[in-house]
Amino acid sequence: MDFKVIETKWQKFWEEHPELYLAKDESDKEKKYVLVEFPYPSGSGLHVGHAFSFTGGDVYARFKRMKGNNVMFPMGWDAFGLPTENYAIKTKRKPQEVTKENTDMFRSQMKRLAYSFDWSREVNTTDANYYKWTQWIFIELFKKGLAYKKEVPINWCPSCKTGLANEEVVDGKCERCGEGVERRTISQWVVKITEYADKLIDGLKETEFIEKVKQAQVNWIGKSEGARVKFKIKGRKEVLEVFTTRPDTLPGATFMVMAPEHEIALELARSKEDVREYLKIARSKSEMERTELSKEKSGVFSGLMAINPVNDKEIPIWISDFVLASYGTGAIMAVPAHDERDHAFAKKFGLPIVPVINVEGWDFEDKAMVEVEKGAEFMKMLDWVEDEGIGKRCSSYHLRDWIFSRQHYWGEPIPMINCPKCGWVPVPKTDLPVVLPEIEAYEPTDDGKSPLSKIDSFVNCKCPVCGGEAKRETDTMPNWAGSDWYFLRYIDPHNDTDIASAELMKKWMPVDVYIGGDEHNTLHLLYSRFIYLFLKDIGAVPKEISEPYFKRISHGVILGTDNQRMSKSKGNVIVPETVADKFGVDVLRLYLMFMGPFESTMAWNENTLMGVKRFLDKFNRFVIKHKKSLSDSSNKSKLIINKTIVGVDKDLENFSFNTVVAKLMEAVNEIDVISVEDLKKLVQLCAPLAPYLTEELWQSLGEDSSVHISEWPESNKEYLTEEVIQLPVAVNGKVKDKIEIEFARIAEKDYVDLLVSKSEKLKKILESNKIIREIYVPGKMLNLVVKENKG
RNA sequence: GCCGCUGUGGUGGAACUGGUAUACACGCAAGACUUAAAAUCUUGUGACCUCAACAGUCAUGUGGGUUCGAUUCCCGCCAGCGGCACCA
């Protein structure tokens, strides 16, 4: 049978019957919200990674639909972003046009691969009707004081000409283009995600993310508990405050260190030559150099002395770039006896090392004793610090506030207006969206301003508060902004008055299963959980649904045949369309699911793919051969079919697709005589994986509606037990023989013993051995513990 | 350094709640059909010992432990992968 003919035929049929895959708002059936990460529609089309992820989601969605669930399986486009902008610049075209072309291409490729998306709910982050709500969310953040403008040293990518969030800098390089990142100070919008740090940790309890994902989130937030402690500075009014997780080591604090960006350090630089010189050197180092040169410490004495509140000793305050300005208070108390970094610093600059706890055989001049347990002294010192009023308990986080401004064209305009009289004023809801104007030149500029800043008609506006002349913000939002909340918009994609109706959100939320890549397990998941928790706090989403995603499945990665990550430069890229052209969509889908466990990394292998093709051909021949069958299934076949139903059902539920395929192969290998009725069941079991072939076969078996909305077969317990089973008999734990026994009599131990006594093999063993113990697990196995007969 | 994960034939990988390890597939070998090839079908295929069969021995990274019985549970080690990392 020619797969091309079948594909064309059924694709047309499905196109004419979109109702097959619609999620129904008014249905009483149990809902199932299956979400796959929406793609960035790049110019190169769907790649294997997409196909793998979407096929997994599609198989699950189809399975659930046949099981009688009201399934929501939507798709959309995360279409803002640099590649489109760069491509538009290069080809002198409009990003809007390019995006349209790319999404059209993606959509048609997806339809060909038979993904059962509900296309009536399609969203696109670059639609003004969509980003209106992205902008609205930003305004709400601003109103709650969670978005603020700040002069911040940012990571500037000289190649992309934009600021980057800390999260987008990998090893000191731009995550996107790999260019070394520079430090610049620019006025930026910043979102206080840190305010939600604890909620983001606690909320994980409400989810069923796998441990890996939960840990990644917890580590990223990086909570540590301790105290802030104030140190007096000799001869000055201000104090130097530090954060420490170990107040019990206060007596061992023999010096202090400030980050070069610390206010006091900056002030001293004005009057002290050596401080000024050091700050200059520190600033010239990139973030990467600072962390790379971790072994060798550098620093300068500030000239100031602090007072250790525990013993009133004067201790020197140093300035060093090993202390981070962005963590804690930007200054530390150094306890060289109990911290490796402080120890290294003390050794280098000849500062005293005073142990707090004495450990036998420890040479504190040689190394720091770090692993000291928090004991009673810890609590005592914490209380003391609070009683004396020199500090208080608090937590500190690795998580930083989220830099939200980008200096690019192709993103959501930040809907803020700067009025000389009123300051920053949000655009009123009624004026949303702030539409991205279609302009001629998209080139980013070196001065750190978005191309929008050159469009006077966009920039100049009236202040919504006082009506005076004002100017619009010209920065745009980061890529994450549109993808933070898209799962809400699918629920009610055409709503003009709200993000989505509360009633519908109550019906559909939370997302039951969210399928995506490992690369989004930290940032995207954290950002979108944050936005959801925020929307919940302001009452924009139902408060009874505590977390947006219930379960997260992170699919694996498909490597090239050379076991390397696919990349154009390596020439090992597999294009799903090409595979589909050659072998058909069903083969591609089935192969992707059969390669290995859904969550693991696997290499592409054409041999295995041929095996899958062979199976589908065989399956097709098998159905055709038996479809005129007039006889009932044999007992053996009945058993196989019912076992297969149970197994496939369970494995699909657990996303164990590779074993589903194996079970179907087994069934086809083993079945001898089969009735048409049972044959249909087999076709149904295969339907989620191979939608085209099964639709064709389903029809050829006399059905006239789609197999994909047929009712999932149920197993019949009556046929699930074998009449005769092979009972393994082990001697001292090793299987020596198998005895045939009627299933109905497995509980009769006497009968089992009788059978054992008839086995030649066992007889032989028992001649020279004596049974000292028997363990019988009815139906499972019999274990004889024996001892050699002596004499 | 910290956190998480993985380790099973020549290969991808199965194995429920501690109960027949190696399902399914690939590859390989032999055979059938064919002028031939492809396709298809049949048989065999963990290692060692044996002409072969029977029997036996050893095998789930490694060393121990618990157990009648361990790929599965516990402890130690080794190797690899992923995330975080001068976070006080």
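Of the helices (runs of 4 or more DSSP H) contained entirely in the stretch A:1-102, those carrying at least 2 residues that are over 30 Å from A:S705 (Cβ atoms) fall at A:48-66, A:82-91.
Taking the condition more than 16 Å from RNA strand B (Cβ to nearest atom) and closer than 21 Å to A:L20 by Cα, does A:S710 pass?
Values: more than 16 Å from RNA strand B (Cβ to nearest atom): yes; closer than 21 Å to A:L20 by Cα: yes.
It is true that A:S710 is more than 16 Å from RNA strand B (Cβ to nearest atom) and closer than 21 Å to A:L20 by Cα.
The condition (being within 16 Å of RNA strand B (Cβ to nearest atom), farther than 30 Å from A:E15 by Cβ and surrounded by 16 or more Cβ atoms within 10 Å (Cβ to Cβ)) is satisfied by just one residue among A:V660, A:V735, A:V668, A:V673: A:V668. Summed over the stretch A:504-513, residues that are in contact with a helix residue (DSSP H, G or I) (Cβ under 8 Å, 6 or more places away or on another chain) and in a strand (DSSP E or B) total 2.
Considering the stretch A:146-167, and only residues there that are assigned to a loop (DSSP other than H, G, I, E, B) and either over 18 Å from A:L399 (Cβ atoms) or at pLDDT below 85 (or both), the residue that is farthest from RNA strand B (Cβ to nearest atom) turns out to be A:K161. Please determine, by comparing only the residues of the stretch A:114-138 that are part of a helix (DSSP H, G or I) and of a type in the set (D, E, K, R), which one is farthest from A:R489 (Cα to Cα). If we take residues in the stretch A:114-138 being part of a helix (DSSP H, G or I) and of a type in the set (D, E, K, R), then A:K132 is farthest from A:R489 (Cα to Cα). Filtered by the rule that a residue be closer than 13 Å to A:V729 by Cβ, part of a strand (DSSP E or B) and out of contact with any helix residue (DSSP H, G or I) (no Cβ under 8 Å at 6 or more places or on another chain), the stretch A:751-783 gives A:I771, A:E774, A:I775, A:V777, A:M781, A:N783. Taking every residue in the stretch A:620-646 that is closer than 20 Å to A:W698 by Cα and part of a loop (DSSP other than H, G, I, E, B) and pairing it with any residue that is among the polar types (S, T, N, Q) and at pLDDT 85 or above, at least 6 positions away or on another chain, the pairs with Cβ-Cβ distances below 9 Å are A:K627/A:S700; A:S629/A:S675; A:L630/A:S675; A:S631/A:S675; A:D632/A:S675; A:S633/A:S675. The residue that is surrounded by the fewest Cβ atoms within 10 Å (Cβ to Cβ), counting only those in the stretch A:232-279 that are closer than 16 Å to A:I390 by Cβ, of a type in the set (D, E, K, R) and within 13 Å of RNA strand B (Cβ to nearest atom), is A:E241.
In the stretch A:254-290, what count of residues is obtained for those that are polar (S, T, N, Q), in a loop (DSSP other than H, G, I, E, B) and either at pLDDT below 95 or in contact with a Cys (Cβ under 6 Å, 6 or more places away or on another chain) (or both)? Selection size over the stretch A:254-290: 1. Taking every residue in the stretch A:306-324 that is over 10 Å from A:A334 (Cβ atoms) and within 12 Å of RNA strand B (Cβ to nearest atom) and pairing it with any residue that is in a loop (DSSP other than H, G, I, E, B) and polar (S, T, N, Q), at least 6 positions away or on another chain, the pairs with Cβ-Cβ distances below 7 Å are A:D321/A:S298. Considering the stretch A:168-220, and only residues there that are free of Cβ contacts under 8 Å to residues at least 40 places away in the same chain, part of a loop (DSSP other than H, G, I, E, B) and within 16 Å of RNA strand B (Cβ to nearest atom), the residue that is surrounded by the most Cβ atoms within 10 Å (Cβ to Cβ) turns out to be A:E175. Which condition number in (1) within 18 Å of the chain's Cα centre (by Cα); (2) surrounded by fewer than 20 Cβ atoms within 10 Å (Cβ to Cβ); (3) of a type outside the set (F, W, Y) is the one that A:N521 fails? Only one criterion is unmet by A:N521, namely (2).
With respect to the conditions (1) among the aliphatic types (A, V, I, L, M); (2) in contact with a Lys or Arg (Cβ under 6 Å, 6 or more places away or on another chain); (3) within 11 Å of RNA strand B (Cβ to nearest atom), A:V335 falls short on a single one, namely (2).
The values are calculated or read from the model by the stated rules, or taken from the named source; none is laboratory data. None of these values were measured; they are calculated from a predicted model. As a convention, Cβ positions derive from the backbone with ideal geometry for all residues, glycine included, and neighbour counts pool all protein chains shown.
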